[in-house]
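The values are calculated or read from the model by the stated rules, or taken from the named source; none is laboratory data. Just so we're clear, the structure is a prediction, and the values are computed from it rather than from any experiment. For neighbour counting, all protein chains shown are included, and Cβ atoms are generated from backbone atoms with ideal geometry for every residue, glycine included. In case anyone asks, the SASA skips ligands and DNA or RNA and just uses the protein heavy atoms, side chains included. Shrake-Rupley method; radii C 1.70, N 1.55, O 1.52, S 1.80 Å.
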Number of protein chains: 2
Amino acid sequence: MHLADFIRNVPDFPKKGIIFKDITTLLKHPEAFQATAQALFEQVRHLPITKVVGIESRGFIFGAVLAEKLRAGFVPIRKPNKLPAAVYSQSYTLEYGQDAIQMHQDAIQPGDYVLLHDDLLATGGTAKAACQLIEQAGGKVVLISFVIELVFLNGRKELTDYPVQSLITYS
Amino acid sequence: MHLADFIRNVPDFPKKGIIFKDITTLLKHPEAFQATAQALFEQVRHLPITKVVGIESRGFIFGAVLAEKLRAGFVPIRKPNKLPAAVYSQSYTLEYGQDAIQMHQDAIQPGDYVLLHDDLLATGGTAKAACQLIEQAGGKVVLISFVIELVFLNGRKELTDYPVQSLITYS
């Protein structure tokens with residue numbers, strides 16, 4: 001099964017000139033969804049993962065599936081002011097301006113082996129900030145996994161301290 | 001395993017006087033996460049589900065896990081302007097004002113048997129709007145499933161046309 005065939009290109013979203021890679025056409029297809037979950041799982045099943053961290057909100061989808069398959073805990077990283085208890089915050093730079101993400105302080109403990117998952121690797125800024133949150137809590141990032149990697153944006157340059165895997169790449 | 005023991009009460013979130021039911025303490029616990037996924041799956045495994053619809057963003061977590069276990073497709077319902085292709089929109093009433101949710105028009109086809117999932121049943125407004133989106137696309141809502149139900153808010157009154165199940169109830 002060629003998973004890239006299930007990705008939809010949406011021109012000019014979210015703004016003119018950008019071709020958005022839409023995974024909803026893959027998600028809604030039972031066999032493609034199943035095959036993606038299995039392929040992501042095969043990349044990590046040999047690792048001693050204790051927590052899977054998913055980045056809001058599309059990273060929750062396969063992040064949660066991976067946590068279930070690995071029999072690990074699941075930890076959401078969210079936009080500011082969404083998590084109710086004490087959080088760590090990390091800001092990161094966007095093309096124009098800044099954004100931030102948060103994680104509960106008690107979500108990760110020292111000794112946790114963490115798989116970080118998001119749907120898409122673009123410039124790598126969000127994933128790098130997520131790694132900083134995980135490490136601030138004492139966790140070790142064992143692997144970062146993505147469904148899609150936009151290779152031409154060179155996001156791996158931000159993530160050289162970590163192993164990175166992706167399923168579908170665009171050069 | 002008593003799943004309610006893993007829910008954290010956070011007073012005065014998101015505003016004074018509200019006791020927020022925080023599921024992140026359940027999600028991060030491997031056995032509680034696994035047991036919750038399995039209990040939700042047991043409620044639906046006998047049903048001929050073709051699509052699981054999850055409501056952004058906490059509904060993506062167990063919604064995706066259920067889709068994988070059922071070998072169904074997964075469909076995200078999102079806040080406005082997040083989905084890139086043509087959408088159906090549905091607004092609903094909040095305590096003060098209105099909000100809206102959207103679903104891709106091609107996410108559900110006539111003949112689809114749909115499990116709708118969200119983490120929490122409060123007043124039922126979001127779930128009812130989600131059912132309207134699914135039906136607008138021609139799908140049949142077979143069951144609505146929640147992790148938590150705040151029974152005292154009487155959300156089932158909005159959902160009398162559908163079977164509703166929840167795992168953890170607060171009276």
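So the values come out like this:
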item: The protein assembly as shown pair-distance distribution - Cα-Cα, 10 Å bins, rounded %; result: 6, 26, 36, 25, 7, 0
item: Cα centroid separation - region B:18-54 against region A:149-168, whole Å; result: 31
item: Contact order normalised by residue count of region B:71-160, Cα under 8 Å, 6+ apart, percent; result: 28
item: Amide H within-cut-off set for A:I168, under 5 Å, with H built and near neighbours excluded; result: A:I148, A:E149
item: Within the accessible area of the protein assembly as shown (1.4 Å probe), percent carbon and sulfur; result: 51
item: Proximal lysines to A:K79, defined as alpha-carbon separation beneath 20 angstrom and excluding residues fewer than eight positions away on the same chain; result: A:K51, A:K128, B:K15, B:K21, B:K28, B:K79, B:K82
item: Which of A:F33, A:F152 is most accessible, then next, and so on - probe 1.4 Å; result: A:F152, A:F33
item: Point-to-point label distance, A:K15-B:F13, nm (Cα→Cβ direction, 7 Å offset); result: 3.3
item: Probe 1.4 Å, accessible area per residue of region A:9-72, Å²; result: 38
item: Exposure rule at most 10 other beta-carbon atoms within 10 Å, DSSP loop trypsin sites (Lys or Arg not before Pro): chain B longest free segment; result: B:17-171
item: Teacher prompt: B:Q109 distances to equivalent labels in other copies, 7 Å Cα→Cβ, nm; result: 4.8
item: Dipole magnitude of the protein assembly as shown about its Cα centre (Cβ charges: Lys, Arg +1; Asp, Glu -1), debye to nearest 20; result: 100
item: Unit charges at the beta carbon, dipole of region B:47-170: most positive-side option, B:V52, B:P80, B:V151; result: B:V52
item: In Hz, Karplus ³J(HN,Hα) per residue of region A:124-141 (6.51, -1.76, 1.60; θ = phi - 60°; x = Gly, Pro); result: x, x, 5, 5, 5, 4, 5, 4, 5, 4, 4, 6, 4, 7, x, x, 10, 7
item: Using a Förster distance of 45 Å, the FRET efficiency for A:T93-B:H46 (Cβ separation, nearest 0.05); result: 0.35
item: Residues of region A:1-50 buried by at least 20 Å² on assembly (accessible area, 1.4 Å probe, chain alone as reference); result: A:R8, A:V10, A:F13, A:T24, A:L27, A:K28, A:P30, A:F33, A:Q34
item: For region A:30-37, Karplus couplings with θ = phi - 60° (6.51, -1.76, 1.60), whole Hz, Gly/Pro x; result: x, 6, 5, 4, 4, 5, 5, 4
item: Other-copy label distances relative to A:H46, 7 angstrom Cα-Cβ extension, nm; result: 4.2
item: Beta bridges per DSSP with both ends in the protein assembly as shown, % antiparallel, nearest 5; result: 35
item: 5 angstrom amide H check on B:F20, placed H, neighbours 5+ away; result: B:V10, B:D12, B:F13
item: Relative contact order (%) - region A:49-98, alpha-carbon pairs under 8 angstrom, separation at least six; result: 35
item: Proximal charge balance of A:G59 [Cβ under 9 Å; K/R count +1, D/E count -1]; result: -2
item: Pseudo-label separations to other copies for A:A85 - Cα-to-Cβ vector, 7 Å, nm; result: 3.9
item: Cβ charges +1 (Lys, Arg) and -1 (Asp, Glu), total dipole of chain B, debye; result: 120
item: P(r), alpha carbons of region A:47-170 - 10 Å bins starting at zero, rounded %; result: 14, 49, 33, 4
item: Accessible surface buried once B binds A (1.4 Å probe; total of both sides; Å²); result: 3200
